[in-house]
Amino acid sequence: MRLNDEIDDVKEVRLIDEDGNMQGVVAFSAAMSQAKENDLDLCEISPNAEPPVCRIMDYGKFLYQQKKKEHDNQRKHKQQEQKQIKIKSFRIDPHDVEIKQRSIRKFIETGHRVLILLQFRARENDHPELGRELLEDKFFKPLSDVAKMDSPPRKEGKKMTMVLAPVPNLTKVLELRKKELEKSSKEIEVKDMDEYLDDFEDSDIEDIDDIDDDDLDDFDDTDDEE
């Protein structure tokens with residue numbers, strides 16, 4: 001992209017001002033003067049047009065925004081990196097199911113897609129419906145609050161795969177859950193305090209006004225004996 005005095009081979013340009021408004025065809029010198037008056041740059045954005053299209057802008061700011069956009073796109077791509085969970089058999093132990101569910105949820109909630117790979121052994125290949133049932137009932141439905149099925153269970157050879165991805169409104173879902181947890185926590189604290197006060201009121205602790213002088217004398221005698 002040519003800037004300012006680098007655009008020295010044209011007499012006229014089609015000008016877009018700093019606010020994005022089309023000014024029409026103006027002399028190159030007038031366009032340069034307008035840019036300098038606003039401490040901005042005259043940038044040639046369409047050199048092959050007749051006359052060339054130029055825009056008044058802060059070129060340094062433009063470069064910064066472009067780099068920031070590129071960085072954000074790279075970060076988003078990294079967040080969308082696909083993770084993989086392997087399951088050796090559809091006869092998986094319930095405890096192992098819970099462990100893998102937690103791992104998948106963690107990946108999904110941090111923005112990752114998850115490939116779940118189920119392996120079939122020997123005669124298990126004769127029952128693909130059991131593998132499909134496992135993937136859908138144990139690994140998709142329990143996570144459907146944060147995950148969508150990006151690719152349904154599909155068997156290829158001795159393996160079956162399913163891909164889960166974060167729901168489009170994942171951020172909103174997580175924020176709502178956080179608020180619900182905070183609300184529940186406060187309700188539990190209030191309930192615990194109410195129960196404590198009820199227990200205190202029902203206790204057998206004597207009121208200080210009910211202690212007579214004889215009791216106090218007995219207490220003093222005990223101290224003397226010690």
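Look through the range 162-178, keep the residues that are in a helix (DSSP H, G or I) and at pLDDT 85 or above, and return whichever of them is surrounded by the most Cβ atoms within 10 Å (Cβ to Cβ).
Filtering the range 162-178 down to residues in a helix (DSSP H, G or I) leaves 170-178.
After this cut, where a residue has to be at pLDDT 85 or above as well, the list is 170-176.
On the way: 170: 18, 171: 11, 172: 10, 173: 15, 174: 14, 175: 11, 176: 12.
Looking at residues that are in a helix (DSSP H, G or I) and at pLDDT 85 or above, I get 170.
From 155, 148, 159, which residue is touching a helix residue (DSSP H, G or I) at 6+ places or on another chain (Cβ under 6 Å) and either surrounded by 13 or more Cβ atoms within 10 Å (Cβ to Cβ) or within 21 Å of residue 93 (Cβ to Cβ) (or both)?
Numbers: 148 fails: touching a helix residue (DSSP H, G or I) at 6+ places or on another chain (Cβ under 6 Å); 159 fails: touching a helix residue (DSSP H, G or I) at 6+ places or on another chain (Cβ under 6 Å).
Going through 155, 148, 159 in turn, the sole match is 155.
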Could you run through the range 24-49 and say how many residues are surrounded by fewer than 16 Cβ atoms within 10 Å (Cβ to Cβ) and more than 19 Å from residue 62 (Cα to Cα)?
8
Can you tell me which residues in the range 4-23 are under 22 Å from residue 63 (Cα atoms) and outside any strand (DSSP E or B)?
4, 5, 6, 7, 17, 18, 19, 20, 21
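The values are calculated or read from the model by the stated rules, or taken from the named source; none is laboratory data. Predicted model, so just to flag it, every value in this text is computed and none were measured. FYI the Cβ positions are ideal-geometry reconstructions off the backbone, even for glycines, and counts take in every protein chain you see.
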